[in-house]
Structure formats: structure tokens, C-alpha cells
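Undergrad: What follows is a structure written as C-alpha cells; I'll ask about it next.
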Amino acid sequence: MAMKIALTGIKPTGILHIGNYFGAIKPALALAERYDARYFIADYHALNMMKERDALRSSILEIAAGWLAAGLDPEKVVFYRQSSVPETFELATILSAFAAKGLLNRAHAYKSVVQANIEKGADADAGINMGLFTYPVLMAADIVLFDADVVPVGRDQTQHVEMAQDIAQAFNFNYKKELLKIPQAAVEEDVAVVPGLDGRKMSKSYGNTIPLFAPEKELRKLIMRIVTNSQPVEEPKDPDSSQVFALYRLFASPQEREAFAARLRAGGMGWGEAKEELFQVVNRTLTPIRGRFCAFISEPERLTRILDEGAEKARALAKVTLTRLREAIGITLC
Ligand code: ADP
Ligand code: TRP
């Protein structure tokens, strides 16, 4: 039986942080062991929010180096840039004809900008481009173009995958045929929301991130900035309501996790010491990844070559889907 297909993308809108790593990259790489994987850099999605040429260019290279440093093997995973697969954009045009405007009106990402505008007393659509509004349609095209079965993402992206399901179902319903595979989101519940320095979801937009490739000194400084309560050293502490522990558990072995939680509960460990322990396990995990990242980022030609080779494989697959769909919708005449 053919292997199932896993697909995911990351948009290059800044440097990777540990929320991206645990919420998206690591689970995706684990899935790639069992699935036929197609992982890509969603560069045209990024254009909606990144209009600065050099920043977009370097972010694309950084995300590429990040995936590879985290362990993506381009011999096993089809790894490419969205922009190198023009079939995606033709499919987005096709899907637009099946995506209800009402559906897109309900997208959280769009709605939250509208809400913020209204709260500021600005025009509801201020600063909203059509790319942001139709973002879920392009994402649906990314997914169904490759017949993806599962889409590993963080929890914030599940609505987008559900929209891809709705759009694909509307398409199949119209032609009375299972022309498009209905994808499922795969959310790793344990790491669905990695907290940031301030306790909210770690996110570029909140400025509360720990970058995945921060040099050691910066890493320690950031970890020391994690917000904690003002409990004195001797007081017993509840691991489950602490961000320090929430981050520690991601990096530590089960035994280390248990021991750390027990020390917090017993009292006698202050937050400063706890953060130092956290720094040790984070740095232990990130040091080799950081080293590989620096090696890749210093060789942009190599990165480009890897992505171009991936794009060739991706296009061969994409063309098969597009031929099938063009035929089905009546665009192919003979
Ligand atoms: P950001 O919120 O920093 O802009 P993105 O939206 O670019 O991050 O997210 C890229 C991927 O990483 C998505 O699959 C998203 O679900 C995941 N992700 C981002 N932040 C977190 C987090 N704090 N916890 C878990 N997953 C996350
Ligand atoms: N919207 C995703 C994000 O912001 C990125 C993305 C674009 C994606 N196309 C995709 C994720 C297709 C999964 C599948 O993180």
C-alpha cells in the first residue's frame, strides 16, 4: 500500500523560535519517518506581511537552514519553496471559485485584525490586503495539490486546515467525485502551545520568543527574563503553573522532568536557580542545532540548490494533480 502523505509549510516572516520548533518542525520531522513528507517554505504567504525585500530573502534562507539544521533529510522529504511550484497558484485560482466568501470572513487571523481595527476606531478593513483575506485559499491549494493526508501544525493553524477540508469538499461535491483528498490536521497536544517569556503563547507578534538559534549568551539572558511569581526561595512551588517548568519539560528527559518538578514542590529552589537549570537543558539541546544552522546559512548556494532539487520533485507531483483537475473541471479541451 502506498505510504500516506504528510505536508506542512512555514512562512518566512522572521527567525524561528522554540515554539515553531516544538509545535511544528519537530513533530513534522517525526512524522516524516512514517509518511511520505512534503515540507515547504510558504514564501508567498509571507509576502502578505513582509514587504521588505532583504528581510524576506534572508528569512527564506533562515527557514530553509532551520529545517535542515533540525534534521530534515532532503533525500527523504520533498523540500521546496512554495514560489517554485507555480501549479499552487493556478490551483488557488481554481479553489477560489469554490471558497465561500462567508467562510473566509470567519478566519481567525482575518477577524482578529478587523476586531483590532474596530477597537481602535479605524476602518474595519484598514491595512488588510486581499492576500490576508484569501490566505486560507492559498493554504488549501498548498495542501490539496499534494494529496496530503495529514498536516502537522500548531493549534492556531487547525482552523485553516478545516477550511481546506471545506473547500475541497465543496469542490468534490460539485463534480460528484473524490477528486481532492480531504486533509486532517495533526496537532501534537503536548506542545500545541509553547509559552513565551511572558506566559502568553510564544509568538513573533508578541515579541516574547526564544529564538531557536540564539547564541549562548543571548539564550541565557532571555531565559533569565522569563516572568515568574515573587515566591521566595524556600517556598514550595507548583511546577504546573510555572512557565519555567513548561519550557523545561520540552527539553528534559522524563527522569530529569520528575526530579525538577520534585525540587520545585519541595521548596528551597529559587526561580533564579530554576532558570539556570532550564538554561542548561535548553543549551544542551540547541547547541548542535545551532552549529548546523550556522554551517548551512553560510552556504546560501547550497541551500538554493537543495531547494531547487526539491522544487523539481514537487513540480512533477503537482503537474499530475493539475492535469487531473483541469480535465475534471472542463478547462482541458481535448
Ligand atoms: P508566530 O506565531 O511566531 O508568527 P508562525 O505563525 O509563523 O509563528 O508559526 C509557524 C508554525 O509554528 C505553525 O505551525 C504554528 O502553529 C507553530 N507555532 C508557532 N508558535 C507556536 C507556539 N508557541 N507553540 C506551538 N506551536 C507554535
Ligand atoms: N499558515 C501556516 C502558518 O502560518 C503556514 C502554511 C502555509 C501552511 N501553507 C501551509 C501550513 C500548508 C501547513 C500546510 O504557520
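Undergrad: Residues that are over 18 Å from LEU179 (Cβ atoms) and among the polar types (S, T, N, Q): list the helices (runs of 4 or more DSSP H) wholly contained in segment 96-153 that include at least 1 such residues.
TA: In segment 96-153, 101-105, 108-120 are the helices (runs of 4 or more DSSP H) which contain 1 or more residues that are over 18 Å from LEU179 (Cβ atoms) and among the polar types (S, T, N, Q).
Undergrad: Counting just the residues of segment 22-68 that are within 16 Å of ligand 1 (Cβ to nearest atom) and in contact with a Lys or Arg (Cβ under 6 Å, 6 or more places away or on another chain), which one comes out nearest to LEU286 (Cα to Cα)?
TA: So, considering only residues that are within 16 Å of ligand 1 (Cβ to nearest atom) and in contact with a Lys or Arg (Cβ under 6 Å, 6 or more places away or on another chain), the one nearest to LEU286 (Cα to Cα) is ILE41.
Undergrad: Would you say ARG57 is basic (Lys, Arg), in a helix (DSSP H, G or I), modelled with pLDDT of 95 or more and open to solvent by 60 Å² or more (accessible area, probe 1.4 Å)? Explain how you work it out, then say what you get.
TA: On the way: basic (Lys, Arg): yes; in a helix (DSSP H, G or I): yes; modelled with pLDDT of 95 or more: yes; open to solvent by 60 Å² or more (accessible area, probe 1.4 Å): yes.
Yes, satisfied.
Undergrad: To continue, here is another question. Six or more apart or on different chains, Cβ under 7 Å: which pairs go from a residue in segment 121-137 that's within 18 Å of ALA99 (Cβ to Cβ) and touching a residue at least 12 places away in the same chain (Cβ under 8 Å) to one that's open to solvent by 50 Å² or more (accessible area, probe 1.4 Å) and not β-branched (Val, Ile, Thr)? Could you list them?
TA: Close Cβ pairs (under 7 Å, with a partner that is open to solvent by 50 Å² or more (accessible area, probe 1.4 Å) and not β-branched (Val, Ile, Thr)) amount to GLY131/LEU47; THR134/SER96; VAL137/SER96.
Undergrad: Taking LEU138, is it within 11 Å of ligand 2 (Cβ to nearest atom) and in contact with a Ser or Thr (Cβ under 9 Å, 6 or more places away or on another chain)? Can you show your working first?
TA: Numbers: within 11 Å of ligand 2 (Cβ to nearest atom): yes; in contact with a Ser or Thr (Cβ under 9 Å, 6 or more places away or on another chain): yes.
Yes: the conditions hold for LEU138.
Undergrad: Every residue in segment 3-28 that is surrounded by fewer than 21 Cβ atoms within 10 Å (Cβ to Cβ) and either out of contact with any strand residue (DSSP E or B) (no Cβ under 8 Å at 6 or more places or on another chain) or among the basic types (Lys, Arg) (or both), please.
TA: LYS4, THR13, GLY14, LYS26
Undergrad: So, in segment 266-307, exactly how many residues are open to solvent by 60 Å² or more (accessible area, probe 1.4 Å) and of a type in the set (Lys, Arg)?
TA: 4
Undergrad: Could you list all residues from segment 2-43 that are in a loop (DSSP other than H, G, I, E, B), of a type outside the set (Ser, Thr, Tyr) and on the phi < 0 side of the Ramachandran plot? Break it down into steps so the answer makes sense when it comes.
TA: Within segment 2-43, the first condition is being in a loop (DSSP other than H, G, I, E, B), and the residues that meet it are 2-4, 11-16, 32-35, 42.
Remaining after also requiring of a type outside the set (Ser, Thr, Tyr): 2-4, 11-12, 14-16, 32-34, 42.
Residues satisfying the conditions are ALA2, MET3, LYS4, LYS11, PRO12, ILE15, LEU16, ALA32, GLU33, ARG34, ALA42.
Undergrad: Which of the residues spanning segment 210-221 are open to solvent by 20 Å² or more (accessible area, probe 1.4 Å) and either among the small types (Gly, Ala, Ser) or out of contact with any helix residue (DSSP H, G or I) (no Cβ under 7 Å at 6 or more places or on another chain) (or both)?
TA: Quick first cut of segment 210-221, residues open to solvent by 20 Å² or more (accessible area, probe 1.4 Å) only: 213, 215-218, 220-221.
Listed by number, the residues that qualify are PRO215, LYS217, GLU218, LYS221.
Undergrad: So which residues in segment 167-179 are surrounded by 15 or more Cβ atoms within 10 Å (Cβ to Cβ), in contact with a Phe, Trp or Tyr (Cβ under 9 Å, 6 or more places away or on another chain) and not aliphatic (A, V, I, L, M), if there are any at all? So that I can check it myself, show each step before the final result.
TA: The initial filter retains those residues of segment 167-179 that are surrounded by 15 or more Cβ atoms within 10 Å (Cβ to Cβ), namely 167-168, 170-172, 179.
Going one step further and asking which of them are in contact with a Phe, Trp or Tyr (Cβ under 9 Å, 6 or more places away or on another chain), we end up with 167-168, 170-171, 179.
Across segment 167-179, the qualifying residue is only PHE171.
Undergrad: Here's another thing I want to ask about it. Looking at ARG57, ARG34 in this structure, which one is among the charged types (D, E, K, R), under 14 Å from ALA186 (Cα atoms) and more than 15 Å from ligand 2 (Cβ to nearest atom)? If you could, list the steps in order and put the result at the bottom.
TA: Working: ARG57 fails: under 14 Å from ALA186 (Cα atoms).
Just one listed residue meets the conditions, ARG34.
Undergrad: Just wondering, is there one or more residues in segment 232-242 that are open to solvent by 50 Å² or more (accessible area, probe 1.4 Å), under 30 Å from LYS177 (Cα atoms) and modelled with pLDDT under 95?
TA: We begin by selecting, within segment 232-242, every residue open to solvent by 50 Å² or more (accessible area, probe 1.4 Å); these are 232-236, 238, 240-241.
Restricting the remaining residues to those that are under 30 Å from LYS177 (Cα atoms) gives none.
No, every residue in segment 232-242 fails to be open to solvent by 50 Å² or more (accessible area, probe 1.4 Å), under 30 Å from LYS177 (Cα atoms) and modelled with pLDDT under 95.
Undergrad: Looking only at segment 104-124, which residues are of a type outside the set (Val, Ile, Thr), over 25 Å from ARG57 (Cβ atoms), under 23 Å from the mean Cα position of the chain (by Cα) and open to solvent by 20 Å² or more (accessible area, probe 1.4 Å)? First the steps, then the outcome.
TA: The first filter runs over segment 104-124 and keeps only residues of a type outside the set (Val, Ile, Thr), leaving 104-112, 115-117, 119-124.
Among the residues that remain, those that are also over 25 Å from ARG57 (Cβ atoms) are: 104-108, 110-112, 115-117, 119-124.
Pick out the ones that are also under 23 Å from the mean Cα position of the chain (by Cα) and you get 104-108, 110-112.
The answer is ASN105, ARG106, HIS108, TYR110, LYS111, SER112.
The values are calculated or read from the model by the stated rules, or taken from the named source; none is laboratory data. Note that this is a predicted model, so its numbers are computed, not measured. Quick reminder, even Gly has a Cβ in these numbers, built from the backbone with ideal geometry, and neighbours come from all protein chains shown. In case anyone asks, the SASA skips ligands and DNA or RNA and just uses the protein heavy atoms, side chains included. Shrake-Rupley method; radii C 1.70, N 1.55, O 1.52, S 1.80 Å.
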